[in-house]
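Trainee: Supplied in structure tokens, the structure appears directly below.
The values are calculated or read from the model by the stated rules, or taken from the named source; none is laboratory data. On a predicted model such as this, the values are computed, not experimentally measured, just so you know. No Cβ is skipped: glycine too gets one built from the backbone with ideal geometry, and neighbour counts run over all protein chains shown. Surface accessibility is based on the protein's heavy atoms, side chains included, excluding ligands, DNA and RNA. Shrake-Rupley method; radii C 1.70, N 1.55, O 1.52, S 1.80 Å.
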Amino acid sequence: MALGVNRARYFVVWVLVGGSAWLYGERMLYVALAVLTALPIISYIIAVVGIMTLRITQQLPGSILKEEYGNLVVNIVNPMRLPFGNVRFLFYGDDFAVVMQESILTNLGFLKPMTQNIPFQINYRGEYEMGIKSIQIMDLTGLFRLTRQIDLPVNMLALPRISDMTKFPITSNLMTQATSRYDMRDEDYATISDIRPYLPTDSIKRVHWKLTAKRNEWLVKNFQSNALHQITLILDSKRMDISYKEQIVTEDRMVEHFIGLADFCLRRGMPVEYTSGEGHKVMARNPGDFDTIYHSASRLHFEVDPLGSSYSMLSQILNDTTGYVNAVILTPRLDANLYERIINAHHNGHHVAVIYFALSQEEDKDSEEVYQLLEEGSSVCFKVTESSDGF
């Protein structure tokens, strides 16, 4: 709008000066007409050189916890030492997941570099392109708006939060086997996993004599054991054929439930093995290993055609394990093949729980039917919706 008004005004002035020069033949009027004609050309050339020589850098934090605020720091240096009346910066950003200004308008001086802090917030876990998309400047006459494409977006990682999974009903037999003081097979007596109060059934060999004397109470040692009953988490990383918004929300919810469940199990002494459709396998044996799982899941990409499905990953785990399997599958899709594999696993003494992330699409009836069958068959199955986690 302002550009059109400036051009209209300039054209009117040029016509008036040109008309006056033609009517009166004054030399100064012809000089003024020549200046008015040459000025836009000179101004345009200066603006082109100026916008191309601007030095721009941008800085983002390496990562940010979702729903927290961060700053994009933009530094601009104008080596020509010419002022630009207004400079507009246009930014990359996800219209749904990223809350950020689309553009800012500022004045660029010629005496010192300029720094701008652009606040932003990312509402969902994942990697998003951010940064300066392009800059626009007006020439000195205000007749031209020039745009320079920057096209150097930076990937910004939004870290997920840890869902509270304390209500998740890990079965009592799993907890018992995980923390059992009677299970002493393959213990590493050089590694003490924790210290706890003495119980009448404990062996006298487990007493921690130094701490018992120091604290004046009976304390015993728990040793690291390979016999701890681990739990395998299977995260379905196949991208759903749904709208972009629902896809982002569902993936975010799946990862946060997965991370929360891993943290919940590790804090209760249950080693966790994480398997995803990308082929990743991560093992965590104690709470100190949680960061490995957290950062791996934070960077997880949901693929259209991943290496493995929930069915194939569960089948491989069952085939590769000599003992009993305790697994939890996190998936937004359930089908007949997966249902049969879970039922067969139960019949063979394995424990397979399912956390089903229901989609809003009504046409996803197959998954709903399989979920109902699992419930009716007394399988451990939970349904997570937008308003409820199902626990």
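Trainee: Run the quick spin-label model on Glu246 and Leu105: label points 7 Å from Cα toward the beta carbon, then report their separation in nm to one decimal.
Mentor: 4.0 nm
Trainee: Still on this structure: Just to confirm the filter: which trypsin sites (Lys or Arg not before Pro) across the range 48-107 are DSSP coil and have at most 16 other Cβ within 10 angstrom of their Cβ? Let's see the in-between values first.
Mentor: Details: sites: Arg55, Lys66, Arg81, Arg88; in loops: Lys66, Arg81.
Of the trypsin sites (Lys or Arg not before Pro), the ones in loops of the range 48-107 whose Cβ has at most 16 other Cβ atoms within 10 Å are Arg81.
Trainee: Wrap a convex hull around the Cα atoms of the range 26-103, take a quarter of its surface area, and give that in square nanometres. Please report the intermediate quantities before stating the final value.
Mentor: Values: hull surface 30.9 nm².
Averaged projected area of the range 26-103's Cα convex hull equals 7.7 nm².
Trainee: Relative to the compact globular guide of 2.2 N^0.38 Å, what is the alpha carbon radius of gyration of the range 23-171, as a ratio?
Mentor: Details: Rg = 22.9 Å, N = 149, 2.2 N^0.38 = 14.7 Å.
Relative to the 2.2 N^0.38 Å estimate, the range 23-171 comes out at 1.55.
Trainee: Follow-up. Determine which lysines satisfy two conditions relative to Lys281: a Cα distance under 21 Å, and not lying fewer than 8 residues away in the same chain.
Mentor: Excluding near neighbours in sequence, the set is Lys238.
Trainee: What distance in nm lies between label points placed 7 Å from Cα along the C-beta direction at Lys205 and Arg267?
Mentor: 3.4 nm
Trainee: Determine which lysines satisfy two conditions relative to Lys167: a Cα distance under 19 Å, and not lying fewer than 8 residues away in the same chain.
Mentor: Straight-line reach from Lys167, under 19 Å: Lys383.
Trainee: How large is the helix-only mean residue ellipticity at 222 nm for the chain, computed as the sum of -39500 (n - 2.57) over DSSP H runs with n ≥ 4, divided by its residue count, in deg cm²/dmol to the nearest 500? Working shown, then result.
Mentor: Values: 9 runs with 133 residues, N = 391.
Result for the chain, helices only: -11000 deg cm²/dmol.
Trainee: Oh, and also: So which lysines pass the test for Lys210, namely a Cα distance under 22 Å, with those fewer than 8 places away in the same chain ruled out?
Mentor: Within the straight-line limit of under 22 Å, Lys210 reaches these lysines: Lys221.
Trainee: Under a no-solvent Debye model with one identical scatterer per Cα of the chain, what's log10 I(q)/I(0) at q = 0.06, 0.07 Å⁻¹?
Mentor: Once normalised to I(0) and log-transformed, intensities are -0.44, -0.54.
Trainee: Give me, ordered by chain and number, the residues 5 or more places off Lys383 or on other chains with an amide H under 5 Å from its own placed amide H.
Mentor: Long-range HN contacts for Lys383: Tyr356.
Trainee: In what sequence, largest accessible area first, do Ser63, Ser298 appear using a 1.4 Å probe?
Mentor: My answer, sorted largest first, is Ser63, Ser298.
Trainee: Specify, per residue and in Å³, the volume enclosed by the convex hull of the alpha carbon atoms belonging to the range 274-316.
Mentor: Details: hull volume 2.8 nm³, N = 43.
With only Cα atoms used, the range 274-316 gives 65 Å³ per residue.
Trainee: If you wrap the range 256-391's Cα atoms in a convex hull and average its projection over all directions, what's the area in nm²?
Mentor: Details: hull surface 34.5 nm².
That works out to 8.6 nm².
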